[in-house]
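What follows is a set of notes on a single structure, which appears directly below.
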Amino acid sequence: MTALLDHVAGLCADGTEAAPQEFRRLLERVGAGTDPAAYLHSLAERLRALAQDPRDDYDELPLTRWEIDVRFPRLSGFGVNWVYEGEYETLQDSIQAAIDSEHPYCGEFLAPLAAEAQSALVLFPGEQAMVDGLSAAVGWASPTALRDLLRALDDHMQREHAVLP
């Protein structure tokens, strides 16, 4: 991708009309007056830098509440629907009730929930990172709670939905 951006930047610098007119108009718009070749080269450089250091610095710039709601809607919703009302005695009871309520159409609910839980464990490794980055907005979320959720979801899917050999 970066090589392609550099190549197109070279074409723009040469003044050739190889790029379609619509592309040139869009490039002028996004570049906000910047030289198109310079803009494309800087974009390529930024992508290279990101590829070399892919870690997200959520400890330096944590997600806001609305970003968490957008990034983790199912984890947020799980708390609202299954945890916070106190209907269930333990988190495990809440997890089981959620699983039972979705069976046999589990895939639409449980798979995305599991993906979000796994993403949260990767993005916020460790107890303190989770507290600083996610737990303020998703109060029930902790590394242990998310691992318990993943274990329960995986157990259910293997037990109830695995294809027999």
>> Can you compute the helix-only [θ] at 222 nm over the chain? Use -39500 (n - 2.57) per DSSP H run of at least 4 residues, normalise by all residues, nearest 500 deg cm²/dmol.
In response: -20000 deg cm²/dmol
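So what is Rg over Rh here for the chain, counting just Cα atoms and using Kirkwood for Rh?
Numbers: Rg = 23.0 Å, Rh = 19.3 Å.
Here Rg/Rh amounts to 1.19.
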> On average, how much accessible surface per residue is there in the chain, in Å², for a 1.4 Å probe, leaving out ligands, DNA and RNA?
Replying inline: 64
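Leaving ligands, DNA and RNA out of it, report the carbon-plus-sulfur percent of the accessible area of the chain at a 1.4 Å probe. Could you put the intermediate results ahead of the total?
Numbers: 5830 of 10550 Å².
After summing per-atom areas, the C and S share lands at 55 percent.
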> In degrees between 0 and 90, to the nearest 10, how far off the longest principal axis of the chain does helix 21-31 point, with axes built from Cα atoms?
Replying inline: 70
>> Of the candidates Tyr105, Tyr88, Tyr39, which one comes out as most mobile in a Gaussian network treatment of the chain with C-alpha springs shorter than 10 Å?
In response: Tyr39
> When the chain is treated as a GNM, springs tying every alpha-carbon pair under 10 Å, which of Pro20, Pro125, Pro73 comes out with the largest mean-square fluctuation?
Replying inline: Pro20
>> For the chain, set up a GNM with springs between Cα atoms under 10 Å and report which of Leu110, Leu47, Leu26 has the largest fluctuation.
In response: Leu26
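The values are calculated or read from the model by the stated rules, or taken from the named source; none is laboratory data. This structure is a prediction, so every number in the text was calculated from the model and none was measured. The area values use the complete protein model at the heavy-atom level, side chains included, leaving out ligands, DNA and RNA. Shrake-Rupley method; radii C 1.70, N 1.55, O 1.52, S 1.80 Å.
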